[in-house]
Amino acid sequence: MLLVESSADTTDEDPHATVFPVLTVVSWANWTVDMVGGDEYCMAEMSEEAIRSYCKEHREQLRQRETQRSTLTNLLIVVTAALSALIVQQKFTLNAMPLCFFVVLAGAYGAVAVSKYYERASHHLFQARALTRTLVEQGVLGSDEEIIRARVEHYRRFPRMHRVRLHRLWLYLHLAIVLYGLSLLFPCIIIA
């Protein structure tokens, strides 16, 4: 929960003139932000429990973004399949061209949306990793030597697959929907 305190400095010459309002935002994690100072972040002593809670929140947001990306992709694949059936039923006539354009637009929208989901998921992952580093530095968590060893072993077992980025596969799937929509459009143009 955020509490916002607002104060204003006034000059001695004109008591009604406001020079700079100062906003102080205090969160449940005891962070103070001076909004007039711009990028200055002053962090008071943050409790271990608050850091863990904040880290958990970012991990949950990351999972939610992945679920949203999966749901959107499934929805667009179902819509694409239904529109494909309708286009074939229309026998690729001129009347089916708007449906083809819709398939192309749905694929393009999906590509942009999954890219945005990836960006937001990365943000939450980076935040959670930074908070985990803070817990390691405070001595709350042990060193990450065992995690590093497991990662090296994983890379050894999957030398090629660990280089394939999952977000690119999602993106390529939506770009394939765009190409599929264009391939449906060409017979409509030829027949018309």
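No value in this document is a laboratory result; all are computed from the given coordinates. This one's a predicted model, so the numbers in the text were calculated from it and none came from an experiment. Heads up, the Cβs are rebuilt from the backbone with ideal geometry, glycines too, and the neighbour counts pull from every protein chain shown.
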With label points set 7 Å from each Cα along the Cα-to-Cβ direction at Ser70 and Arg156, the distance between them in nm comes to 3.1
Low-density loop trypsin sites (Lys or Arg not before Pro), the stretch 47-93, at most 11 other Cβ within 10 Å, DSSP non-H/G/I/E/B, are Lys91
Check: C-alpha center the stretch 117-171 vs C-alpha center the stretch 172-192, spacing in Å is 38
HN-Hα couplings for the stretch 150-158 via Karplus (6.51, -1.76, 1.60; θ = phi - 60°), in whole Hz with x for Gly/Pro, come out as 5, 5, 4, 5, 4, 4, 5, 6, 10
For Arg165 and Asn95, extending 7 Å from Cα along the Cα-Cβ vector and measuring point to point gives, in nm, a value of 4.5
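Looking at the stretch 138-169, which trypsin sites (Lys or Arg not before Pro) are in a loop (DSSP not H, G, I, E or B) and have at most 10 other Cβ atoms within 10 Å? All intermediate terms of the calculation are to be shown ahead of the outcome.
Numbers: sites: Arg149, Arg151, Arg156, Arg157, Arg160, Arg163, Arg165, Arg168; in loops: Arg160, Arg165.
Answer by residue number: Arg160, Arg165.
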Plugging the Cβ-Cβ distance of Ser143 and Leu105 into 1/(1 + (r/R0)^6) at R0 = 45 Å yields, to the nearest 0.05, a FRET efficiency of 0.35
